[in-house]
Structures are given as structure tokens and as C-alpha cells.
Amino acid sequence: MTSDQGVPQRTQLAGITLMHMMDVSAETHRQRPSVADLVGAIDRRRRRLGIVMAIVSLAVITAVLITVRSGLSLADTLLIYLLDVVAVAVVGGFGPAVLAAAAASLCLNWFFTPPLHTLTIEEPRNLLALLLFVLVAISVSSVVHIAARRATLAARSASEAHAMLVLARTVLGVEDTPAAVLGHLHDEFAVDAELQELVGGRWERIAHTGGDPGRRDRQPITVRHDLRLLVDDASGKVSGSLLEAAARLAASALDRDRLRTQASQAEALEAGNRMRTALLAAVSHDLRTPLASIKASISSLRQPDVHYSHSDEQELLETVEESTDRLDALIANLLDMSRLQTGALHPIVDPVAVEEVAPLALRGLPGAASLRIDLPEGLPLVRADAGLLERSLANLVSNALRFSPPQQPPTLLARRAGDFVEISVVDHGPGVVPPHREAMFEPFQRLGDRDTSTGVGLGLAVARGFTEAMGGVITATETAGGGLTMTVRLAVEGGVGADRPREVRS
């Protein structure tokens with residue numbers, strides 16, 4: 001699965017998820033509120049605050065009204081208490097308002113309805129006034145409470161809509177994993193959750209967030225027969241529709257994560273198949289060519305009926321030696337590429353002197369005597385693996401020698417560039433056009449090669465792999481006047497880019 005294919009699929013999945021969450025949320029909001037919804041719309045903290053407010057405000061209002069009751073009628077007193085009940089309803093909801101209305105009616109009866117300081121009511125109109133007060137207070141409180149409930153639900157819906165958007169964005173973004181979905185659920189609503197999958201008759205944990213994942217008192221949400229989400233909503237504020245949507249989105253993220261893994265494995269398998277195909281082609285040609293030269297030379301020397309001069313024998317032996325060197329270099333590159341491909345390369349990065357490694361890299365290279373070397377004195381030590389740097393430079397120089405004209409041998413030079421040292425191999429050969437310069441670092445590439453018998457195209461791939469394993473960079477640029485310049489850039493010991501952990505090579 002490529003990234004271009006994944007974007008439309010993630011968009012479609014996010015759209016389906018959002019439509020599902022909106023449908024479930026709309027269905028929840030269409031349901032008529034129950035008595036429990038009416039009472040429980042205001043949270044517990046506000047209800048407690050409403051009760052405290054009712055007690056304190058009634059005591060204060062009653063004390064004040066007692067001092068001025070001679071100048072107030074019963075109707076005035078009723079309106080003042082009614083205003084207090086409405087204020088309690090706004091703060092604490094329906095329950096505290098009913099308690100405030102009942103307590104206010106008792107205060108009215110005891111302190112302001114003749115005969116005072118008794119619960120007896122002499123005049124029927126005063127009894128009717130108290131009954132109407134309680135009825136109006138409860139009615140107004142219910143209206144105020146419903147308005148507060150709607151405001152609370154609106155705020156909750158807005159919060160859930162935001163959470164739905166954040167969850168859907170995980171499908172469109174880079175965090176398309178079950179852990180990311182559960183993490184957003186925990187961050188937005190403080191909900192602990194655990195995604196479990198049924199494997200071999202047992203529920204196995206896939207991802208979790210929050211507290212102890214081993215708790216048994218979590219609410220299960222079944223996504224499918226083999227997948228469920230265990231949630232612990234301590235606040236009780238998250239609707240079931242949002243939890244169900246989060247469960248489905250986590251399941252979708254799990255499926256997509258596994259699809260990506262399968263696609264990655266398929267790509268790796270395909271790359272391995274291409275590598276094996278190229279290797280077979282290399283073995284069939286590049287390995288057989290020097291072997292054929294060796295066999296032909298040895299067979300000629302062993303012919304009993306042919307007598308060779310000393311110079312002819314030396315020429316045949318030189319052919320054997322050159323072919324053997326080619327085989328040795330080819331097999332070394334194949335082994336090096338195998339280590340790079342399998343991840344078995346772990347360099348030992350230490351301070352290394354370039355002027356000490358360069359001669360070792362040139363040792364044994366055919367034509368290395370013609371190479372021009374420009375290594376200034378005072379070059380700082382670089383952070384590198386001496387063995388890997390030697391192999392990298394040997395491959396770069398070998399490639400340059402192969403394509404350089406005899407009258408213009410390549411040059412090996414080095415210079416300091418800030419906190420780095422740049423080691424360049426400059427040739428004046430045919431060069432490589434810019435669009436193909438990146439491709440020439442791939443295994444089995446021989447771009448611009450005039451003679452396909454010179455190797456399987458592993459030298460540059462090995463050089464880049466070794467350089468990057470040491471924390472360096474290798475680049476290809478055009479040589480002034482034509483040709484190719486390969487530059488290895490390594491951090492100076494103690495410089496900004498040199499702070500790397502020490503590793504052990506197996």
C-alpha cells in the first residue's frame with residue numbers, strides 16, 4: 001500500500017467514522033429526557049453549591065425581612081423569596097430549588113403569616129398565596145433548570161464534537177494507531193481505556209491508556225466478536241455514543257496499522273526478490289567472467305604440448321592475479337551489501353585521522369599509483385569507523401579510476417568545512433546526469449558505465465551504506481570541466497555533529 005493510495009482511504013475512513021458518530025449523537029439527542037436526566041443534568045458539585053446557597057441566602061433574607069417586615073406586604077415578601085429560589089435554581093438546578101421553595105414557604109408561614117411563630121394559617125387567602133408561591137417557585141425552577149440543562153448539553157455536545165474531530169484527524173494524520181486514538185480520548189475526557197482482542201480464546205491487550213490496565217471494573221464496548229474496548233469514565237460525563245465511536249475508530253486504526261505492516265512486509269519481500277534476481281544476474285555474468293579468465297589462463301599454462309616464453313607466462317599469471325583481485329573485490333562488496341541489507345552492521349565510531357586511512361584505502365587498487373592526493377596538514381580527527389571509512393574510500397577511488405581517462409587521473413583531496421571534514425574523489429570521466437545521481441547509489445546500478453564487465457554495481461551502494469552507518473553523508477556533484485565528484489562528509493571530533501553513541505560491531 002503506497003502513501004498515495006493511503007490518503008484517499010484514510011479520508012474515506014474518517015468520513016465514515018464521522019458520519020457514524022454524528023448519527024449516533026443525533027439519535028441520542030432526539031431521545032426525550034427522563035426524570036433522571038432532569039435531575040442529573042447539573043453536576044454534583046453545583047448541586048451541593050446550590051444547597052449551601054439556599055441555606056445561607058434564606059437565612060440572610062429572612063433576617064433582613066424580619067427587621068423591615070412592618071413596611072412590606074406579604075406579596076412583596078413572596079416575590080423576594082421567589083427571586084431567591086430562582087437564583088438557587090440557576091446555580092444548583094431543580095433539586096436544590098425545590099428544597100429552597102419548601103424552606104421559603106416554611107419561613108413565610110412562621111415569620112410573616114398571622115399568627116406569627118406558628119404553622120397555623122388563619123386566613124384562607126394566605127394559605128392560597130403560600131400554595132401558589134410553592135407551585136410558581138417549582139414551575140419557575142423547572143424552567144430555569146431545563147434551560148441550564150440545555151446549556152450544559154450544548155457545551156457537552158460542543159466538547160464531544162471537538163473530540164470527534166480530533167479522533168477523526170488521527171485517521172488522516174500520522175498518528176493513525178489505536179494508542180493514538182485512546183490517547184486522545186484520555187487527554188480530552190480523562191477516560192482510561194484498553195483495547196483487547198480475542199486470541200486463542202483469551203483476551204489480549206492491544207493498546208491502553210490511563211491507569212492500571214488490569215482493572216476488572218471497566219465498562220466493555222463490543223466492536224466485533226473478537227475485539228472490544230474497556231473504558232473507565234470516572235467523571236461520567238462522556239456519552240455512550242462518543243465511547244462507541246472511539247471504539248470503532250480504534251478498531252479501524254488497528255486494522256489499518258496491520259495493513260500497513262503487511263504492505264511494508266510485502267514491499268520488503270518484493271525488494272528482496274529484486275535483489276536476489278539482480279544477484280543471480282550478477283553471479284551469472286560478473287562472477288563467471290573472471291573465473292573464465294582464470295580457468296583459461298591456467299589451462300593454457302598446463303598444456304603439455306605448448307611451450308610459452310617467460311614473458312607469456314608472466315602475462316598469463318598477471319591475468320590470473322587480476323581476475324582473482326576482481327573476484328575478491330566483488331565478493332567483498334557482496335558480503336558488505338548483505339550486512340547492510342540485513343542490518344548486521346554496527347560501526348565502532350572513534351576519532352580517526354584521514355591521512356592515516358587514505359593510504360590504506362589505496363593499497364592494492366589497480367592504477368592507484370596515478371592518483372593525485374591532496375591531504376593538507378593539520379586536518380582534524382573525524383568521527384568514523386576506520387575500517388568502514390577505508391572500504392568506502394576504496395570503492396569511491398576504484399570507481400573513479402575505472403572511468404577516468406589515462407591522461408586525466410582522479411584526485412583524492414580533503415578539506416575542513418566548519419565542524420565537518422569533506423573527503424572528495426574527483427574524476428574527469430563521462431559523469432552522470434543529475435536525474436540519475438541518486439539512482440547510482442542503488443545496488444546493481446552501473447549508470448554511465450562503458451564496460452559492463454567491470455562489476456555488479458555495488459561499490460557506490462556499499463560506500464553510501466558504510467558512510468551513513470558512521471553518521472556521515474555522501475553526495476555526488478559534477479566536476480568542473482566534466483566528470484563526477486564524490487564527497488564524504490564526516491563530523492569533526494568534538495564538533496557539533498560528533499556527539500554520537502558508541503556502538504559495537506558484530
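Any read-out appearing in this document is the output of simple, stated calculations on the displayed coordinates, not a laboratory observation. It should be emphasised that the depicted structure is a prediction, and the values quoted were computed from it without experimental measurement. Every residue, glycine among them, receives a Cβ derived from its backbone with ideal geometry; neighbour counts consider all protein chains shown.
The calculated FRET efficiency for His436 paired with Arg260, based on their beta-carbon distance and R0 = 41 Å, is about 0.85. Between Val60 and Ala102, the C-beta separation translates, for a Förster distance of 25 Å, into a calculated FRET efficiency of about 0.90.
List residues of segment 77-95, by number, whose backbone nitrogen lies under 20 Å from a label position 7 Å along Cα→C-beta of Thr152. So the set is 85-95. Packing here is the average count of other Cβ atoms within 10 Å per residue, and on that basis the peptides 356-366, 393-403, 370-380, highest first, run 393-403, 356-366, 370-380. For segment 345-498, the convex hull drawn through the C-alpha positions has a volume of 112 cubic angstrom per residue. The orientation-averaged projected area of the convex hull spanned by the Cα atoms of segment 35-156 comes to 7.5 nm². Extension gain for Leu132 to Trp203 (0.36 nm times residue separation, less C-alpha to C-alpha distance): 19.5 nm. Here the spin labels are modelled as points 7 Å beyond Cα on the Cα-Cβ line, and at Glu122 and His162 they lie 6.1 nm apart.
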